[in-house]
Amino acid sequence: MKPDLICKKIGSDIDIDSYLAGLYYRYDRNMNWLFATIYGGLQKAEIKTNDGVTEFDTDGVELGAGVEVGRTIPLNDTVTLTPSFGLYYNQVNFDEADDNVGKHYKWSTIRHAEAEAGVRLEKQFERGKLYLKPSIIRTLTGNDKVKITGMDEADTYHDQTLGRIEVGGRYGFTDAFSGYAWGNYTFGSDYQATGAGAGVSYSW
C-alpha cells in the first residue's frame, strides 16, 4: 500500500518600495485628452512565505512607459466623470538573491504590460481635487521566469483579468507646482495587492 502524498501551495507576501522619476506630457482638446509618460527607478523587494519559514530581499532596476486617452464629462460645476483607456509597459531587472534556508534565486528580465479601462469620478475644490476610479485590467507578461535552487522554473506573473479601486487627490501649491497622493486595491481570482504613492510635479 502506497502512502498518499499531500501537496500544499504556500503563498507569499511581497513588500515592494519603488523610487521612480520620469517625464510626462498631457494634451487637451475639446474635453478629450491624451497623457503619456516615461519613467525609471529602483525597486526594493522583501519576500516572505505565509508560513513564515522563508524570507529574502532583492533590489531591481525598473523602466516603464504608458499612454492613456480619455474624455472629461462635466456633471456640474465641480464634479466630472472621465471614462478612459490606457496601455502601460514596464520591465524590471532584479538582482540574484539567497534566502535564509539556502536557496538561490535568479530572475529573467520581467516584462509586464497592462491594458486598463476605467471610469474616474472627480470632485474639484478651490486649490485641489479628489477622485475615485474603478477599473478593469488585463495583464500580459513575458519572460517572467525565476530559477530557484532544486526546483523547476517558476512564473513571477501570469496573464489574468483584474479589478482595481483607486482613490487619490492633488493639491496645487502654485499654478505650476503641485503635490499628489493615491492608493489602490487590485484583486482577482487568486491575486490581491495594495499600492500607494505620493509625489510632486512641476509644469511649464
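The values are calculated or read from the model by the stated rules, or taken from the named source; none is laboratory data. All values reported here derive from a predicted model rather than from experimental measurement. Ideal geometry is used to build each Cβ from the backbone, glycine not excepted, and the neighbour counts take in all protein chains shown. These area figures cover heavy atoms from the full protein model, side chains too; ligands, DNA and RNA do not enter into them. Shrake-Rupley method; radii C 1.70, N 1.55, O 1.52, S 1.80 Å.
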Express the accessible area of the chain per residue in Å², computed with a 1.4 Å probe while the remaining protein chains stay in the model.
68
Computed over the Cα atoms of segment 18-74, what is the ratio Rg over Rh, Rh following Kirkwood?
1.27
How long is the gain from F85 to W182 if the chain were fully straight, where each residue apart is worth 0.36 nm and the alpha carbon distance is subtracted?
33.1 nm
Quick check for the chain: number of Lys pairs with alpha-carbon distance under 23 Å, counting only pairs 8 or more apart or on different chains?
22
Environment charge at L42 (Cβ cut-off 10 Å; Lys +1, Arg +1, Asp -1, Glu -1)
-2
Tell me the carbon and sulfur percent of the accessible area for segment 6-130, rounded to whole percent, probe radius 1.4 Å.
56
Residues with beta-carbon under 13 Å from that of L121, excluding L121: net charge, scoring Lys, Arg +1 and Asp, Glu -1?
+2
Once every Cα of the chain carries one equal point scatterer and solvent is ignored, give the base-10 log of I(q)/I(0) from the Debye formula at q = 0.09, 0.10, 0.18, 0.19 Å⁻¹, two decimals.
-0.45, -0.54, -1.44, -1.58
Apply the Karplus curve 6.51 cos²θ - 1.76 cosθ + 1.60, θ = phi - 60°, to the phi angles in segment 184-191 and return the couplings in whole Hz, x for Gly and Pro.
8, 10, 10, 8, x, 5, 9, 8
How much net charge surrounds G86 when only the other residues with a Cβ under 15 Å from the Cβ of G86 are counted, with Lys and Arg +1 and Asp and Glu -1?
+2
